[in-house]
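Here's the structure, in structure tokens; my notes come after.
The values are calculated or read from the model by the stated rules, or taken from the named source; none is laboratory data. These numbers come from a predicted model, not from an experiment. All Cβ positions, even for glycine, are placed from backbone atoms using ideal geometry, and neighbour counts span all protein chains on display. These area figures cover heavy atoms from the full protein model, side chains too; ligands, DNA and RNA do not enter into them. Shrake-Rupley method; radii C 1.70, N 1.55, O 1.52, S 1.80 Å.
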Amino acid sequence: MCPPTEFQVSFEINPWMNIEKQPSKQKAWQQWHKLFEIYQGLGIKISLIKPEKGLPDMVFVANAGLPINKKFILSNFRYKERREETIYYKKWFESQKFEIITLPKNVYFEGQAEIVELSDAFIFGFDKRGSESAIIFLKKYLGGKKPIIPLKLVDDRFYHLDLCLMYIEAINTIIYFPGAFDEKSQKIIEKLNVFKIKISENEAKKFLCNGLSYKNSVILSGKNPRITAFLKNKGLEVINLDISEFKKSGGGVKCVSLLID
Ligand code: ARG
């Protein structure tokens, strides 16, 4: 995680961002810290990266890159506003003895936010940020044991996969917003070997998919009685977290977390 001390909206690279609607520093800190405490409560070890001045989006560490088998595929951001962040992500992962993989200049990739690992496949959500061609490199480094399924994102508001699809491993279920994907991708999703819950545009707009599950707990961005009841019914613990301030930059619970194992 990256503490939100430098977090603000200083540019507009997605439809949620409006430099005239700044997040409250204090509220952002409280919301981020709450998540930090939730992770601690779940027994998750948290590492921090130092926030850098002038890089407000560093708080969204899910975009740093993709850690896999002690390798780190460093992101290659589509927008110049975020490119400088990679210097610090690279340094951090080097210090943790990861082998750094960099992509060619013209191949965009924005890290874990664009990848979901299912039990028998990886999903890669591309086009709004990551380039389709990144799949060549993902295939090379993700070990080759599971296929990588590319899904095309078509809605500017849901520019990363983690804004429109979430996987809950404990119940082998995905929660997703079909409208964020092109028709071909929607058909592919229908055939995935998982249980599926479709959500409405309104639910997606609240960043319902930008949650995270760990063992039998699910942390959701905001509140959603329908999905909360469903998950509780399946025996899962549901934790709802208000992420209003990060939403002003187009992010939520998952966006401010990078999972490393
Ligand atoms: N302002 C950031 C951007 O537009 C938000 C990133 C959200 N991150 C995510 N994992 N979806 O790049």
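Just the number, please: carbon plus sulfur as a percent of the accessible area of the range 31-77, 1.4 Å probe, no ligands or DNA/RNA counted.
Of the solvent-accessible surface of the range 31-77, carbon and sulfur hold 54 percent.
At a probe size of 1.4 Å, how large is the accessible area of Lys25, to the nearest 10 Å²?
Using a 1.4 Å probe on the heavy atoms, I get roughly 110 Å².
With a sphere of radius 14 Å drawn around the Cβ of Lys80, what net charge do the other residues whose Cβ falls strictly inside it have (Lys, Arg +1; Asp, Glu -1)?
On the way: positive: Arg78, Arg82, Arg83, Lys105, Arg129; negative: Glu12, Asp57, Glu81, Glu84, Glu85, Glu110.
Value of the local net charge: -1.
What is the range 138-179's relative contact order, in percent, from Cα pairs under 8 angstrom and six or more apart in sequence?
24 percent
Over the range 4-51, what per residue volume does the convex hull of the Cα atoms give, in whole Å³? Walk me through the intermediate numbers first.
Numbers: hull volume 4.6 nm³, N = 48.
For the range 4-51, the hull spanned by Cα atoms encloses 96 Å³ per residue.
Please compute P(r) over all alpha-carbon pairs of the range 124-261, binned at 5 Å starting from zero, and give each bin as a whole-number percent.
Taking all Cα pairs of the range 124-261, the binned fractions are 2, 10, 19, 23, 22, 16, 7, 2, 0 percent.
What is the distance, in nm, between label points placed 7 Å from the Cα along the Cα-to-Cβ direction at Ile136 and at Thr102?
Roughly 1.8 nm, to one decimal.
Could you work out the relative contact order of the chain? I mean the mean sequence separation of Cα pairs under 8 Å and 6+ apart, divided by the number of residues, in percent.
20 percent
Relative to the compact-globule scaling 2.2 N^0.38 Å, provide the ratio for the alpha-carbon radius of gyration of the chain. Kindly include the intermediate steps, with their values, before the conclusion.
Numbers: Rg = 17.0 Å, N = 261, 2.2 N^0.38 = 18.2 Å.
After normalising by residue count via 2.2 N^0.38 Å, the value is 0.93.
Which net charge results for the neighbourhood of His160, defined as the other residues with beta-carbon distances under 14 angstrom from its beta-carbon, given Lys and Arg at +1 and Asp and Glu at -1? Spell out each step's value before the answer.
On the way: positive: Arg78, Arg82, Lys128, Arg129, Lys152, Arg157, Lys247, Lys254; negative: Asp57, Glu110, Glu114, Asp127, Asp155, Asp156, Asp162.
Around His160, the charge tally is +1.
Tell me, what ³J(HN,Hα) does each residue in the range 161-166 have, in order and in whole Hz, if you take phi through Karplus 6.51 cos²θ - 1.76 cosθ + 1.60 with θ = phi - 60° and put x for Gly and Pro?
With the stated coefficients, the range 161-166 comes to 4, 6, 9, 9, 8, 10 Hz.
With the other protein chains left in place, how much accessible area per residue, in square angstrom, belongs to the range 66-178 at a 1.4 angstrom probe?
Spelled out: the 1.4 Å probe surface of the range 66-178, per residue, equals 43 Å².
Assuming R0 = 41 Å, can you tell me the calculated FRET efficiency for the pair Lys53 and Lys191, based on Cβ-Cβ distance, to the nearest 0.05?
Once rounded, the FRET efficiency stands at 0.30.
Could you tell me the relative contact order of the range 1-137? Use alpha-carbon pairs under 8 Å, at least six residues apart, and round to a whole percent.
On the way: 195 pairs, mean separation 29.0, N = 137.
Across the range 1-137, relative contact order equals 21 percent.
Once amide H atoms are built 1.01 Å from N in the peptide plane, which residues 5 or more positions from Lys196, or in another chain, come under 5 Å H to H?
Ile174
Arg83 to Lys223: extension gain in nm, 0.36 nm per residue of separation minus the Cα-Cα distance?
Computed gain between Arg83 and Lys223 is 47.1 nm.
Per-residue ellipticity at 222 nm for the chain, helices alone: DSSP H runs ≥ 4 residues times -39500 (n - 2.57), over residue total, nearest 500 deg cm²/dmol?
It lands at -7000 deg cm²/dmol.
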